Amino acid sequence: MFDYVPSEISIGGIYFPPLLLAGILGVVLAWLTAMVLNRYRLSRFFAYPPVVFIALAIIYTGLIGTLLIPV
Amino acid sequence: MLSIRTKESIKTALAMTIAYGIALSMEWDKPMWAGFAVAFVSLSTVGQSINKAALRVLGTLVAVVVALALIALFAQDRWLFILSVTAWVGLCTYLMSGPKYQYFWNVCGFVVVIITMGAGADSANAFNVAMLRAQETGLGILVYGLVSVLIWPSNSRSDFEAAVVKLAATQHQLYRVYYDLMNGKGDVANVQALRSSALQAQTRFNQLLASAQTDSYEVWELRRQWRRYQGLVSELAEVLEHWRESFDELQALDLHSQLPNLTAFNAEMDRRFDQIERMLGNQAPEWEPAAMDLDLDKTALAQLSHFHKAALAVTRSRANRLESLTRSLFDSISDIKGFAQVDSAAAELADSKGGFILDPERMLSAFRIVLILWIAWLLLVYVEGIPGGSLLVMMAAPIGMAVTTMPQVPLFKLFVPAVVSVLFAGLVYIFVMPQLSSFFGLGILLFAVTFTICYLFASPQQMLGRVFGLAFFVVIISVDNQQSYNFLTVANTAMVFTLLFSIFAINAYIPYSPLPERVFLRLLARFFSSAEYLISTLGQDPRRPLTPGERRHKRFHAREVGLLPGKLGLWGKMIDQRLFPDTDAKQIQALVTNLQALSYRINGVIEARGLPLSDAMAQELTQDMRQWRLAIDAFLQRCSAQPSAEPVQALEQRLAQRLSQLEARINESFERIGEDRLNNEEVQNFYRLLGGFRGVSEALVGYARLSAAMNLAQWRESRF
């Protein structure tokens, strides 16, 4: 279904591992989600939000690594 | 004409360039350490810089000895070695958040980590690294010291004198406003602003005294007298607040009939403050103050209820304290200005030291830095090829110590300047540095960058930007005689900081949440728990001597009750209003002010409990006072279990009922004992105790009223 070939990302001739980019995007998305959940008071339904944040960052990184940037 | 900001920036930039120039010409490794010393000791006056420099040098020397001793003792066992290093850094972090020599302890802590990690547990290398660190720190400080003394030297004396005048004027103004408030006039809205400006003036005076002592011979010569004045001024600030807290219960009274010499008393106080300001302007005083007492009119007093008499007794005792304090202040200033001589030895203030008391916040900071270092160390040992290697642990110590001792500063606020600084230094390192071929070019670059950073981040509020900017610049460009360029230096440094901030972020949640509203609730519970303990001690016989354990316990809780309102005020300001629209900043401020009042009143009641009472009165009223104390105790217990709303109306009713019952009981008791048979002093002491109990109860009802209007339940909800 997906062309799963991990390749390094070149920025100005410097090669970065794809996991780094996927990880950064994962954390940014988790942070945005946390902001939205805070804004609408939905985070009160979580027992311990800091762990949820880490879980979200991992889930997003996994999804980005699977769907957008092969890692 | 150059501005002060430009001059200071030029001085720091010049010192940085010269320090690098000397270190490179001497072929010393790591000239950046000399650059660090310049970057961190440069402050606005010679005195301030020299004080900080002395602390840095002493801290480095102590750290050198400790680092070498630890390597010598534990080089064979890495676990014992890191255990001892982290224990030392934990101890230094605890001491660093104390009242004295903060920077000394800070340097003592992180330099040990830098030397031990830089040496890699090799004793020969350790000695070289330690010596190098010490000599380069000394070089940086020497160069900055010379530059600041020779080029545009700025002395703290004039600033210090201005700060003394400002503080005296603000305290005088505060006295006037409080006097008006006592008479039911003054503007309450104005008080808050005036109080914070008095606090600022006092902080500035304290800071400048330390630096003026170093860079001005005239201030140094009178340092003992100035320190005495400093103690008196801070006591005056405290007594003024205590005095103000006793006004609420006086509002229904016509004070001028009960206190016949109140106007004369006020005129005397006013005149003393005027004369102090006059002497500070180097003019001889026009008159000498004489001791006076705030008198009570017995006939007018007889018509008052016992609780009104109690309120008057409390205010009067505070006013009399104010009187003796202003007299001492007058004497102290006339001694300093040479208008009169005071026996300084006899006038020394009572030593407030009373042994060691553990501070929970400082313990938490120490625990957190130990945890941070252990996480960084375990990553270094168990994760192969971790970016930066030992740099991770080396950087964890200085930044970690700063982060853990300033828990109220959100990590995000530190992360942004760190990212910007790494990017800026990275650009300079990659694009500019390779074009340079001699020290001439490097010198210009060092000067230009240091000047720009110092100029752009000149104000004290921008200190963080300046520290990060200079530190990252110096670390990333890593100037050496055999200069090499590698993109990995920048990439690894960036990764080290990302890792470090991740460690800090995780660490901040251990063991408590760092969210400001959660911290506020936690501190509030602690405040009430300590208040409850103090109130429970009122049941003990004041004549029975306390065991050392009891004394220590009491001092711990008294300190907690005294300090926690200030800490709550700090955390209250950090609560995000957008997330809690039901509670605004004014409500939080009002709650903190109420807790401060409660703290003063608990203090007052404990003080009054220690005063001698007539046995007959004690026997008559013991049961009633005990019931009242137990009721306060129970309320405080409930608040400490869950600091939230209590039904206010029920509390108000209960208090009113208790007051009227007690009024009747006191009347009965006085009739039975015969008021004439009682000693006047003992009666006044009894009224002070009664006023103290009432004051505490009123403050608690005030707390219940304020907390009921706030949505504290929402603060307990989980959030990211």
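The values are calculated or read from the model by the stated rules, or taken from the named source; none is laboratory data. A quick note: this is a predicted structure, and the numbers were derived from the prediction, not measured. Note: ideal-geometry Cβ built from the backbone for every residue, glycine included; neighbour counts use all protein chains shown.
Every residue in the stretch B:549-582 that is more than 17 Å from residue B:603 (Cβ to Cβ) and either within 14 Å of chain A (Cβ to nearest Cβ) or in contact with a Gly (Cβ under 9 Å, 6 or more places away or on another chain) (or both), please. Answer for the stretch B:549-582, where residues must be more than 17 Å from residue B:603 (Cβ to Cβ) and either within 14 Å of chain A (Cβ to nearest Cβ) or in contact with a Gly (Cβ under 9 Å, 6 or more places away or on another chain) (or both): B:552, B:575, B:576, B:577, B:578, B:579, B:580, B:581, B:582. Among the residues examined, residue B:448 qualifies as more than 30 Å from residue B:91 (Cα to Cα), surrounded by fewer than 16 Cβ atoms within 10 Å (Cβ to Cβ), in the same structural domain as residue B:373 (by TED's automatic domain parsing) and modelled with pLDDT of 90 or more.
Selection of the stretch B:433-490 for residues being of a type outside the set (Val, Ile, Thr), in contact (Cβ under 8 Å) with a residue 24 or more places away in the chain and outside any helix (DSSP H, G or I) yields B:458, B:478, B:480, B:481, B:483, B:485. Scanning the stretch A:26-68 for residues that are more than 10 Å from every other protein chain (Cβ to nearest Cβ) and surrounded by 18 or more Cβ atoms within 10 Å (Cβ to Cβ), we see that the one that is farthest from the chain's Cα centre (by Cα) is A:65.
Exactly one residue out of B:14, B:68, B:55, B:24 is at pLDDT 90 or above and farther than 30 Å from residue B:454 by Cα, and it is B:68. Of all residues assigned to the stretch B:197-205, at least one qualifies as being in a helix (DSSP H, G or I) and either modelled with pLDDT under 85 or loosely packed, with under 13 Cβ neighbours inside 10 Å (or both). Filtered by the rule that a residue be in contact with a helix residue (DSSP H, G or I) (Cβ under 8 Å, 6 or more places away or on another chain) and surrounded by fewer than 19 Cβ atoms within 10 Å (Cβ to Cβ), the stretch B:515-528 gives B:518, B:525. Across the stretch B:126-168, the qualifying residues are those that are modelled with pLDDT of 85 or more and not in a helix (DSSP H, G or I), and the one among them that is surrounded by the fewest Cβ atoms within 10 Å (Cβ to Cβ) is B:151.
Residue count for the stretch B:492-514 under the criterion of being surrounded by 20 or more Cβ atoms within 10 Å (Cβ to Cβ), more than 24 Å from the chain's Cα centre (by Cα) and of a type in the set (Phe, Trp, Tyr): the result is 1.
When residue B:109 is tested against (1) surrounded by 18 or more Cβ atoms within 10 Å (Cβ to Cβ); (2) closer than 20 Å to residue B:52 by Cβ; (3) modelled with pLDDT under 95; (4) of a type in the set (Gly, Ala, Ser), only condition (3) is not met. Sort out which residues of the stretch B:664-720 are assigned to a loop (DSSP other than H, G, I, E, B), away from chain A (no Cβ under 14 Å) and among the small types (Gly, Ala, Ser), and write them in order of number. Scanning the stretch B:664-720 gives B:674, B:709. Count of the stretch B:143-178 residues, restricted to those that are within 27 Å of residue B:41 (Cα to Cα) and hydroxyl-bearing (Ser, Thr, Tyr), is 5. The listed residues are B:596, B:540, B:577, and the only one of them that is part of a loop (DSSP other than H, G, I, E, B), in contact with a helix residue (DSSP H, G or I) (Cβ under 7 Å, 6 or more places away or on another chain) and of a type outside the set (D, E, K, R) turns out to be B:577. Just one of the listed residues (B:586, B:554, B:567) is free of Cβ contacts under 8 Å to residues at least 40 places away in the same chain and buried (at least 16 other Cβ atoms within 10 Å of the Cβ), namely B:554.
Would a scan of the stretch B:231-246 turn up a residue that is farther than 30 Å from residue B:46 by Cβ, exposed (fewer than 13 other Cβ atoms within 10 Å of the Cβ) and either assigned by TED's automatic domain parsing to the domain that holds residue B:699 or in contact with a Ser or Thr (Cβ under 8 Å, 6 or more places away or on another chain) (or both)? Among the residues of the stretch B:231-246, not one is farther than 30 Å from residue B:46 by Cβ, exposed (fewer than 13 other Cβ atoms within 10 Å of the Cβ) and either assigned by TED's automatic domain parsing to the domain that holds residue B:699 or in contact with a Ser or Thr (Cβ under 8 Å, 6 or more places away or on another chain) (or both), which makes the answer no. Against the list (1) within 18 Å of residue B:305 (Cβ to Cβ); (2) within 30 Å of the chain's Cα centre (by Cα), the condition residue B:690 fails is (2).
Select from the stretch B:375-386 the residues that are buried (at least 18 other Cβ atoms within 10 Å of the Cβ) and part of a loop (DSSP other than H, G, I, E, B) and list them in ascending order. Passing the criteria: only B:386.
The rows are residues; the columns are (1) part of a loop (DSSP other than H, G, I, E, B); (2) in contact with a helix residue (DSSP H, G or I) (Cβ under 9 Å, 6 or more places away or on another chain); (3) at positive phi; (4) without any contact (Cβ under 8 Å) to a residue 24 or more places away in the chain.
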site	(1), (2), (3), (4)
B:241	no, yes, no, no
B:253	yes, yes, no, no
B:268	no, yes, no, no
B:278	no, no, no, yes
B:283	yes, no, no, yes
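Scanning the stretch B:480-537 for residues that are within 14 Å of chain A (Cβ to nearest Cβ) and closer than 30 Å to residue B:696 by Cβ turns up B:512, B:516, B:517, B:518.
Exactly one residue out of B:21, B:47 is in the same structural domain as residue B:471 (by TED's automatic domain parsing) and closer than 21 Å to residue B:463 by Cβ, and it is B:47. Name every residue in the stretch B:619-628 that is in contact with a helix residue (DSSP H, G or I) (Cβ under 9 Å, 6 or more places away or on another chain) and either surrounded by 15 or more Cβ atoms within 10 Å (Cβ to Cβ) or hydroxyl-bearing (Ser, Thr, Tyr) (or both), in order of residue number. Matches in the stretch B:619-628: B:620, B:621, B:624, B:625, B:628.
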